[in-house]
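These notes concern the structure reproduced below.
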Amino acid sequence: MSKLAIKGGTPLRDIKKHPWPCWPVWNGGEKKVLAEVLDSAVWSYNGPKELEFVKAWAKFCGTRYALAAANGTVTLQMALEALDVGFGDEVIVPGLTWQATAAAILDVNAVPVLVDVEEDSWCVDPKAIESAITARTRAIIPVHLYGCIADMDAVMQIARINDLKVIEDCAHQHGSEWQGKKVGSIGDIGSFSMQLSKILTAGEGGALTTSDENLWTKLDALRNCGRRPEINPAVEDKGSGQYADEGDLIQSGNYRLTEFQAAILLKGLKRLPRQNRIRSQNAVYLNDLLQKIPGILPMKRDSRVTEQAYFNFTFRYREEEFNDLPVMQFREALSKELGLPVEPCYQPLNDCSLYRPLTKKRYRISEDHRKEIDPARHRLPLCEKVYSRQSVAFHHSVLMGTRADMDQIVDAIVKIRTNLDDLTAKRKP
Ligand SMILES: Cc1ncc(COP(=O)(O)O)c(C=O)c1O
């Protein structure tokens, strides 16, 4: 077989001739609505596009309510605040996630308790949740990571037994379904990110879902400087101002989204089901081929998953089956063959360059608190193993390609396997 691209050979894919699908996706429809919003002079603050979006988002997610917000970090923070989580409380969170999931807990002065994940889904391990529960635990944040859904049956059962709240971090999973229920509709609150790389995006943005009117009321006030909700999209006919009640006023800030973003999200939402279908079909096809390659382990597809959305496509790699070629070099070789970034999973949060709670003065509440928020106190052997030895990930836009594109990913891995001697020869004794 031909020489590997990483060794100066010709890459399997000529990306000048055959670029990978672009992300984000837009057309003249977006340009039109952006101009409409511009001309309307209503650029923010409960505008018609935002109201239309939150209604559509609640319907899509199967919840009574949805809210739009600035990003998927502040949505987590607001969810914690709406559930009255704060100083003295502990919140259980998987150690393998984007730093925001844990940082939001720090920002409400609670203690993130990092727990390990399941090796075949990279989502929180329910047994690890159970072992981490203390008298101070108030909530769990399961993260539906990349292309897997956390075991929500187990999470909800643990929450029920221990009287804990559940915030689903759905930043990666707009449209995934667990036993026929959309993610974001299973726990108390769902939190979504609409940042540029996400499968529904307005460049930046976030959303919250809940079916609890009380929580919705609090969340709406939290995102809007503590103001009581003016319009309840679920019961519009009651008119505005009905929630104003001096006694209920709370402290908060501005976490609102603009009308421009809401308009873009409405357009993206129309495309989302079809895009999810294409990604899912390609992922199933690709996994089927990958599982035939020794040393490549597709992620678990739980039989309770009824729809799977993909932020990243990921799989596990076993260097033992690749002449001990370290996963980092495997990723580099794959990246060169395909002309696309091939990444590891997130760095485990007990040693993550972007999760450094001890550097922030705001968190120096007491010496005890400082010790508790030190991420290094947590042992996360599976997160560490997955990150340093197994993880291979690429962006969901790749899954928007054709069957031939999926075949080419497989061909690239086979090419690496066939040329392993070129990559590992120097390292042999
Ligand atoms: C799992 C997870 N949670 C939360 C966030 C935060 O979202 P945002 O970037 O919109 O603040 C992200 C962003 O990548 C994420 O991946």
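General observations
Here is a yes/no grid of residues against (1) closer than 23 Å to A70 by Cα; (2) within 20 Å of the chain's Cα centre (by Cα); (3) among the acidic types (D, E); (4) surrounded by fewer than 18 Cβ atoms within 10 Å (Cβ to Cβ):
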| residue | (1), (2), (3), (4) |
| --- | --- |
| K127 | no, no, no, yes |
| L145 | yes, yes, no, no |
| I149 | no, yes, no, no |
| A154 | no, yes, no, yes |
| R160 | no, no, no, yes |
| E168 | yes, yes, yes, no |
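- If the condition is being buried (at least 17 other Cβ atoms within 10 Å of the Cβ) and in a helix (DSSP H, G or I), then the stretch 345-355 contributes L349, N350.
- When the stretch 304-344 is filtered for residues that are basic (K, R) and assigned to a helix (DSSP H, G or I), the ones remaining, listed by number, are R331, K336.
- Number of the condition not met by Y65 [criteria: (1) within 16 Å of the ligand (Cβ to nearest atom); (2) surrounded by 23 or more Cβ atoms within 10 Å (Cβ to Cβ); (3) of a type in the set (S, T, Y)]: (1)
- Only one of K198, K127, K181 that is modelled with pLDDT of 95 or more, within 15 Å of the ligand (Cβ to nearest atom) and of a type in the set (K, R): K198
- Any hit, the stretch 154-167, residues being within 14 Å of the ligand (Cβ to nearest atom) and either touching a residue at least 12 places away in the same chain (Cβ under 8 Å) or among the aliphatic types (A, V, I, L, M) (or both): yes
- The set of residues in the stretch 1-37 being more than 23 Å from L67 (Cβ to Cβ), surrounded by 13 or more Cβ atoms within 10 Å (Cβ to Cβ) and out of contact with any Leu (no Cβ under 9 Å at 6 or more places or on another chain) consists of G9, H18, V25, W26, G29.
- Inter-residue pairs, beta-carbon under 7 Å, first within 12 Å of A139 (Cα to Cα) and within 12 Å of the ligand (Cβ to nearest atom) and in the stretch 90-109, second part of a helix (DSSP H, G or I) and among the small types (G, A, S), 6+ apart: V93/A102
- Of residues in the stretch 201-245 being aliphatic (A, V, I, L, M), at pLDDT 90 or above and under 24 Å from V85 (Cα atoms), the one nearest to the ligand (Cβ to nearest atom): A207
- Test: A35 is modelled with pLDDT of 95 or more and within 16 Å of the ligand (Cβ to nearest atom): no
- Residues (in contact with a helix residue (DSSP H, G or I) (Cβ under 6 Å, 6 or more places away or on another chain) and either surrounded by fewer than 20 Cβ atoms within 10 Å (Cβ to Cβ) or on the phi < 0 side of the Ramachandran plot (or both)) located in the stretch 175-193: W178, K182, S185, I186, I189, S191
- Residues that are loosely packed, with under 15 Cβ neighbours inside 10 Å and part of a loop (DSSP other than H, G, I, E, B) within the stretch 356-396 comprise R356, K360, R364, I365, S366, D374, R379, listed in sequence order.
The values are calculated or read from the model by the stated rules, or taken from the named source; none is laboratory data. Predicted model only: the values in this text are computed from it and were never measured. Backbone-built Cβ (ideal geometry, glycine too); neighbour counts: all protein chains shown.
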